There are 2 protein chains.
Amino acid sequence: MPRNRHDVDRDAKIAEIREAAVGLLRAGGYPALSHSAVAKELGLARTAVTWYFATKDDLFAAALADIYVADLGTPPADGDVMARLRWAVERLTALQPLTHALHERARHSPAAAELEAAFQEGLCTRLRALLAPHVAADRLDRVTTTVIVFVEGLLVQPRTTGDRLDLLEFLVTDLIGASGRS
Amino acid sequence: MPRNRHDVDRDAKIAEIREAAVGLLRAGGYPALSHSAVAKELGLARTAVTWYFATKDDLFAAALADIYVADLGTPPADGDVMARLRWAVERLTALQPLTHALHERARHSPAAAELEAAFQEGLCTRLRALLAPHVAADRLDRVTTTVIVFVEGLLVQPRTTGDRLDLLEFLVTDLIGASGRS
DNA sequence: ACCTGAACACCGTTCAAGT
DNA sequence: ACCTGAACACCGTTCAAGT
């Protein structure tokens, strides 16, 4: 007796599923996400979720996109370069396991690959704008990429917040300071 | 009718299992590794492997330790700093998915956590020795950590070998060149 | 000590059947 | 269009039973 929900708005149903998936990802990471778990939370059969998100990775990418918007979508409007970088690193640190899972799934899932590409491009654009006033134009591309790579590396190993920010400051002052030499 | 292999040396049997696991990891990464797949390759019941490696992660850590020794155990004896760094980055790049899987599993598996710690310490020690002649003593720790972090970041995103080495050279010359300023 | 086979509780995906 | 339930081929782990 499939209790159909034709009355409920389609977007509302999809939003319900995404919200449940976000909760599971935040609580237990990629392994905790499953069609079954989402369905159980919503009182549905586990194959009902498949109707909207055919594969686990489609569901994963949709939910993680929501998380990125919620956690990284509204950066602080004021503060200097280091303060803004600190904010981003702290946010990215908390999301590191999910971002790492995205990277791994991107090899097999088009949806994951698409989200990863968009995520990377967004980060790069924002960082370049942040650094532009402080770096010589001919060095901007390389400095931007270097900082991006460094931040990605910072997130790999668990470190204390203090260590992370110290290292970041060490690198950035070195790169920004060195810009006067060219 | 369990065909017992009391005649075979215990270490030889374990080596067989580790070799099969190494092959599976190299071919398909962490997801491709399973007790079943190893057992099938060796003509055993899948629970036979459990006798030697109780959990999947125990098996994973043992096999990855072998891979690390095989791929990173014998660095080139000659060459300058950049050449040695290039060699390491190229090797680490190929192992990146497995190293990331190790990092993820280290959160749940003591064996994985132990291997990751040993791996990190080995890398750090070797890099410090490599950089020591070129960096002022009071900067050595921070420069070493910075390069480690940067290299870890380099491995996260897929880049061409050329891009990777260019970025590495940009960072290292900047850091080594900056050592004269202190 | 070593290995088997059965069992348990999952998983992702597919699909015929219903409303 | 939407949802169910059954099915398939897995998975990691546990365990009684055999040699």
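The values are calculated or read from the model by the stated rules, or taken from the named source; none is laboratory data. Only a predicted model underlies this, so the values are computations on that prediction, with no experimental measurement involved. A quick note on method: Cβ atoms are made from the backbone with ideal geometry, for glycine too, and the neighbour counts reach across all protein chains shown. What goes into the accessible areas is simple: the full protein's heavy atoms, side chains included, and nothing from ligands, DNA or RNA. Shrake-Rupley method; radii C 1.70, N 1.55, O 1.52, S 1.80 Å.
Annotation note: Cβ proximity below 7 Å between a residue of segment A:39-55 that is among the acidic types (Asp, Glu) and a residue that is part of a helix (DSSP H, G or I) (sequence gap 6+ or interchain) occurs for A:Glu41/A:Ala20.
Does B:Leu140 satisfy being at the interface with chain A (Cβ under 10 Å from one of its Cβ atoms) and either part of a helix (DSSP H, G or I) or in contact (Cβ under 8 Å) with a residue 12 or more places away in the chain (or both)? It is false that B:Leu140 is at the interface with chain A (Cβ under 10 Å from one of its Cβ atoms) and either part of a helix (DSSP H, G or I) or in contact (Cβ under 8 Å) with a residue 12 or more places away in the chain (or both).
Being more than 27 Å from B:Thr173 (Cα to Cα), part of a helix (DSSP H, G or I), out of contact with any strand residue (DSSP E or B) (no Cβ under 6 Å at 6 or more places or on another chain) and within 11 Å of chain B (Cβ to nearest Cβ) is the requirement here; does A:His103 meet it? Against the criterion (more than 27 Å from B:Thr173 (Cα to Cα), part of a helix (DSSP H, G or I), out of contact with any strand residue (DSSP E or B) (no Cβ under 6 Å at 6 or more places or on another chain) and within 11 Å of chain B (Cβ to nearest Cβ)), A:His103 qualifies. How many residues, within segment B:144-158, are at the interface with another protein chain (Cβ under 9 Å from one of its Cβ atoms), without any contact (Cβ under 8 Å) to a residue 40 or more places away in the chain and not in a loop (DSSP other than H, G, I, E, B)? Matching residues across segment B:144-158 total 7. If you go through segment A:107-123 one residue at a time, do you hit one that is touching a Phe, Trp or Tyr at 6+ places or on another chain (Cβ under 7 Å) and closer than 19 Å to B:Leu171 by Cα? No: segment A:107-123 contains no residue that is touching a Phe, Trp or Tyr at 6+ places or on another chain (Cβ under 7 Å) and closer than 19 Å to B:Leu171 by Cα.
Mind checking which residues of segment B:19-30 are touching a residue at least 60 places away in the same chain (Cβ under 8 Å) and either among the charged types (D, E, K, R) or surrounded by fewer than 19 Cβ atoms within 10 Å (Cβ to Cβ) (or both)? First the steps, then the outcome.
Taking segment B:19-30 as the starting set, the residues that turn out to be touching a residue at least 60 places away in the same chain (Cβ under 8 Å) are B:25, B:29-30.
B:Gly29, the sole residue that qualifies.
Residues in segment A:31-42: is at least one of a type in the set (D, E, K, R), over 21 Å from the mean Cα position of the chain (by Cα), under 28 Å from A:Val147 (Cβ atoms) and surrounded by fewer than 15 Cβ atoms within 10 Å (Cβ to Cβ)? Quick ask: steps written out before the conclusion?
Quick first cut of segment A:31-42, residues of a type in the set (D, E, K, R) only: A:40-41.
Next, only the ones that are over 21 Å from the mean Cα position of the chain (by Cα) stay: A:40-41.
Next, only the ones that are under 28 Å from A:Val147 (Cβ atoms) stay: none.
No: zero hits.
Given the criterion modelled with pLDDT under 90, not small (Gly, Ala, Ser) and not assigned by TED's automatic domain parsing to the domain that holds A:Gly29, identify the matching residue among A:Arg159, A:Arg126, A:Arg105, A:Arg142. Step through it out loud before you land on a result.
On the way: A:Arg126 fails: modelled with pLDDT under 90; A:Arg105 fails: modelled with pLDDT under 90; A:Arg142 fails: modelled with pLDDT under 90.
Going through A:Arg159, A:Arg126, A:Arg105, A:Arg142 in turn, the sole match is A:Arg159.
Those residues that are among the β-branched types (Val, Ile, Thr) and more than 17 Å from B:Ala112 (Cβ to Cβ), I need them from segment B:52-81; list them, please. Full working, then the answer.
Step one: filter segment B:52-81 for residues among the β-branched types (Val, Ile, Thr), giving B:55, B:67, B:69, B:74, B:81.
Residues satisfying the conditions are B:Thr74, B:Val81.
Looking across segment B:106-137, just one residue is open to solvent by less than 30 Å² (accessible area, probe 1.4 Å), within 10 Å of chain A (Cβ to nearest Cβ) and more than 16 Å from DNA strand D (Cβ to nearest atom), and that is B:Glu116. Only one entry in A:Thr74, A:Thr93, A:Thr144 is among the hydroxyl-bearing types (Ser, Thr, Tyr) and open to solvent by 60 Å² or more (accessible area, probe 1.4 Å), namely A:Thr74. Among the residues of segment A:147-173, those identified as out of contact with any Gly (no Cβ under 9 Å at 6 or more places or on another chain) and surrounded by 19 or more Cβ atoms within 10 Å (Cβ to Cβ) are A:Val147, A:Arg164, A:Leu167, A:Leu168, A:Leu171, A:Val172.
Rundown of residues vs (1) open to solvent by less than 60 Å² (accessible area, probe 1.4 Å); (2) more than 9 Å from DNA strand D (Cβ to nearest atom), yes/no style:
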site: B:Thr47; (1), (2): no, no
site: B:Phe53; (1), (2): yes, no
site: B:Leu64; (1), (2): yes, yes
site: B:Ile67; (1), (2): yes, yes
site: B:Leu85; (1), (2): yes, yes
